[in-house]
């Protein structure tokens, strides 16, 4: 199948979609996302995936018999500009406002949508605030909470790798990192004979974590697993230092380090595990995900860089289903249908929304194992129970 949104036409398509909307004959989706600044690296891949799903829906006859029109405004990776971008796409008639991957940078635009009585979706934010708790009842996120990642890796390592002694190493730079460790902390008491044998912190830009490594090496024996709650770019340095010190413990991390783009810095990395919503490596157990990866490359000219591409596709999918079921783009009606979704099937795992939480506090993850510098899917895991909303909001 050929796509209207090829690499050469993305810019032209964006220009066409930014033309004024005509009420009644189109449904408008507004992207108040980063087209400049560092958030572009997170926003653009997920946005491209969202545009692919829009293209598929339009080619299948549209939504409620109408074509979906995309309009765009650049947040410039700036919170004040984010609020302006939100207003800009609303002024162009947006029925849905899609905002940046990160809560802090996406919230200003989402708040404008909330005030206007429109639904908003964060592209891939993984803080519980990216939804009801931080924006309001019309706001959602398409990804899975960071806390679920930490809980998933702890329970999986305990059950599938017989890990019993864990070491917790937190990079205190971001709320995302803290969220991974919060989920790990919640899960640990539920693992009967698991022990936390030590814990430490560092900062993402620390040039050395020698003192933290010394404390790990001073333990009576190496821990079975190190829960490393970090993200790029500092994750590479921390991982290299741990392995250079001769520590062979399995390293568990969150989804923020998915991707092979950094592995040339640690060419022989092994015993390293991360959770992902879908595999970018061509080995996803669902062949339709591998087909999507090929489609993404055909449209954009490049392979998906990490699993954070996928929530963009998911958000359009679940929103469009809710619109069809509501037979309307009215925000209250669409939200009511979204909140009825329980284990709603999507290409990248089930989604559940309730009147209490518009995020995933439980989710199916694939487990990617990197051995000798080569990542591959080795398992999948869904935590045995949801992380309670009151726990998430207390953190």
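The values are calculated or read from the model by the stated rules, or taken from the named source; none is laboratory data. What you see is a predicted model; the values in this text were computed from it and never measured. Quick reminder, even Gly has a Cβ in these numbers, built from the backbone with ideal geometry, and neighbours come from all protein chains shown.
Tell me, yes or no, whether the stretch 110-118 has at least one residue that is without any contact (Cβ under 8 Å) to a residue 24 or more places away in the chain, more than 22 Å from the chain's Cα centre (by Cα) and assigned to a helix (DSSP H, G or I).
From the stretch 110-118, those without any contact (Cβ under 8 Å) to a residue 24 or more places away in the chain are 115; that's our starting set.
Filter again for more than 22 Å from the chain's Cα centre (by Cα), leaving 115.
Those left that are additionally assigned to a helix (DSSP H, G or I): 115.
For the stretch 110-118, residues without any contact (Cβ under 8 Å) to a residue 24 or more places away in the chain, more than 22 Å from the chain's Cα centre (by Cα) and assigned to a helix (DSSP H, G or I): present.
Can you name the condition, by its number, that residue 218 falls short on among (1) modelled with pLDDT under 95; (2) surrounded by fewer than 21 Cβ atoms within 10 Å (Cβ to Cβ)?
Going through (1) modelled with pLDDT under 95; (2) surrounded by fewer than 21 Cβ atoms within 10 Å (Cβ to Cβ) one by one, residue 218 breaks only (1).
Given the options 362, 325, name the one that is surrounded by fewer than 20 Cβ atoms within 10 Å (Cβ to Cβ), within 16 Å of the chain's Cα centre (by Cα) and either more than 17 Å from residue 49 (Cβ to Cβ) or at pLDDT 95 or above (or both).
Values: 325 fails: within 16 Å of the chain's Cα centre (by Cα).
Answer to the check: 362.
Spot the failing condition for residue 175; the list is (1) modelled with pLDDT under 95; (2) surrounded by 21 or more Cβ atoms within 10 Å (Cβ to Cβ), and only one is missed.
If we test residue 175 against (1) modelled with pLDDT under 95; (2) surrounded by 21 or more Cβ atoms within 10 Å (Cβ to Cβ), just (2) comes out false.
Taking the criterion of being in a helix (DSSP H, G or I), under 17 Å from the mean Cα position of the chain (by Cα), free of Cβ contacts under 8 Å to residues at least 40 places away in the same chain and within 26 Å of residue 178 (Cβ to Cβ), would at least one residue in the stretch 71-86 satisfy it?
The initial filter retains those residues of the stretch 71-86 that are in a helix (DSSP H, G or I), namely 79-86.
Keeping just the survivors that are under 17 Å from the mean Cα position of the chain (by Cα) gives none.
No: the stretch 71-86 contains no residue that is in a helix (DSSP H, G or I), under 17 Å from the mean Cα position of the chain (by Cα), free of Cβ contacts under 8 Å to residues at least 40 places away in the same chain and within 26 Å of residue 178 (Cβ to Cβ).
Of the numbered conditions (1) at positive phi; (2) crowded, with 19+ Cβ neighbours inside 10 Å, residue 316 fails exactly one; give the number of that condition.
Exception for residue 316: condition (1).
I'm trying to understand the selection: among the residues of the stretch 309-365, which are within 23 Å of residue 279 (Cα to Cα) and part of a loop (DSSP other than H, G, I, E, B)?
Correct list: 343, 345, 346, 347, 348, 349, 350, 352, 359, 361, 362, 363.
Condition check: surrounded by 23 or more Cβ atoms within 10 Å (Cβ to Cβ) and either within 27 Å of residue 328 (Cβ to Cβ) or at pLDDT below 95 (or both). Does residue 88 satisfy that? Step through it out loud before you land on a result.
Details: surrounded by 23 or more Cβ atoms within 10 Å (Cβ to Cβ): no; either within 27 Å of residue 328 (Cβ to Cβ) or at pLDDT below 95 (or both): yes.
No.
Considering only the stretch 363-382, I want to know if a residue exists there that is touching a helix residue (DSSP H, G or I) at 6+ places or on another chain (Cβ under 7 Å) and within 17 Å of residue 315 (Cα to Cα).
Yes: one or more hits.
Identify all residues within the stretch 285-304 that are part of a loop (DSSP other than H, G, I, E, B) and surrounded by 14 or more Cβ atoms within 10 Å (Cβ to Cβ); write none if there are none.
From the stretch 285-304, those part of a loop (DSSP other than H, G, I, E, B) are 285-286, 301-304; that's our starting set.
286, 303, 304, listed by residue number.
Within the stretch 38-68, take every residue that is assigned to a loop (DSSP other than H, G, I, E, B) and within 20 Å of residue 311 (Cβ to Cβ) and give me the one that is modelled with the highest pLDDT.
Looking only at the stretch 38-68, we keep the residues that are assigned to a loop (DSSP other than H, G, I, E, B), and these are 38-39, 60-62, 64-65.
Within this subset, residues satisfying the condition of being within 20 Å of residue 311 (Cβ to Cβ) are 38-39.
Numbers: 38: 88, 39: 93.
That would be 39.
Kindly state which helices (runs of 4 or more DSSP H) lie completely within the stretch 166-269 and contain at least 2 residues that are touching a strand residue (DSSP E or B) at 6+ places or on another chain (Cβ under 9 Å) and free of Cβ contacts under 8 Å to residues at least 24 places away in the same chain. If you could, list the steps in order and put the result at the bottom.
Details: elements: 175-187, 210-217, 234-244.
Result: 210-217.
Which members of the stretch 148-165 meet the condition of being in contact with a helix residue (DSSP H, G or I) (Cβ under 8 Å, 6 or more places away or on another chain) and part of a loop (DSSP other than H, G, I, E, B)? Walk me through it before giving the result.
Of the stretch 148-165, the ones in contact with a helix residue (DSSP H, G or I) (Cβ under 8 Å, 6 or more places away or on another chain) are 148-155, 163-164.
163, 164 - these are the residues of the stretch 148-165 that are in contact with a helix residue (DSSP H, G or I) (Cβ under 8 Å, 6 or more places away or on another chain) and part of a loop (DSSP other than H, G, I, E, B).
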